[in-house]
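K.L.:
I'd like to ask some things about the structure below.
The values are calculated or read from the model by the stated rules, or taken from the named source; none is laboratory data. Every value quoted in this text rests on a predicted model; they were computed, and no experiment measured them. Cβ atoms come from the backbone with ideal geometry, glycine included; neighbour counts cover every protein chain shown.
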Amino acid sequence: MATATVIGYGNELRGDKGAGRIVADQIALRGIPGVGTHVTRTLARGHVSLFDEVDIVVFVGTYDAHEGDPVRVERIQDENGGAATAFALNPPS
């Protein structure tokens, strides 16, 4: 069982060229023990089931940045007290 999963999301049709998906694919190629990956164009409620089997979930995507903006890393707190029963962990865009 993986102890962490990386969810890479993005859509090449929206201008981000699927950057999050590319990052997740590259992590998968490394075969890091205990780290699983999942790629998708958009986040959906069905992805909540991925949270039940791991200790850490890392979302990789893009946001509408301006030239010169830094890479942004944000910690998302679990609003359900550890129970992934709803799609309450919505990473900001």
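K.L.:
Step by step: first the residues of the stretch 1-35, then only those that are more than 30 Å from residue 66 (Cβ to Cβ) and touching a helix residue (DSSP H, G or I) at 6+ places or on another chain (Cβ under 8 Å), then the one that is modelled with the lowest pLDDT. Which residue is that?
P.N.:
Step by step, filter the stretch 1-35, then rank; the result is 1.
K.L.:
Take the residues in the stretch 55-78 that are of a type in the set (Asp, Glu) and surrounded by 10 or more Cβ atoms within 10 Å (Cβ to Cβ), then tell me which one is modelled with the lowest pLDDT.
P.N.:
Once the filter is applied, the top-ranked residue is 78.
K.L.:
Filter the stretch 23-38 for residues that are among the aliphatic types (A, V, I, L, M), over 11 Å from the mean Cα position of the chain (by Cα) and under 19 Å from residue 50 (Cα atoms) and give the result. Full working, then the answer.
P.N.:
To start, the set of residues in the stretch 23-38 that are among the aliphatic types (A, V, I, L, M) comprises 23-24, 27-29, 32, 35.
If we keep only those that are over 11 Å from the mean Cα position of the chain (by Cα) too, we end up with 27-29, 32, 35.
Within the stretch 23-38, 27, 28, 32, 35 meet the criteria.
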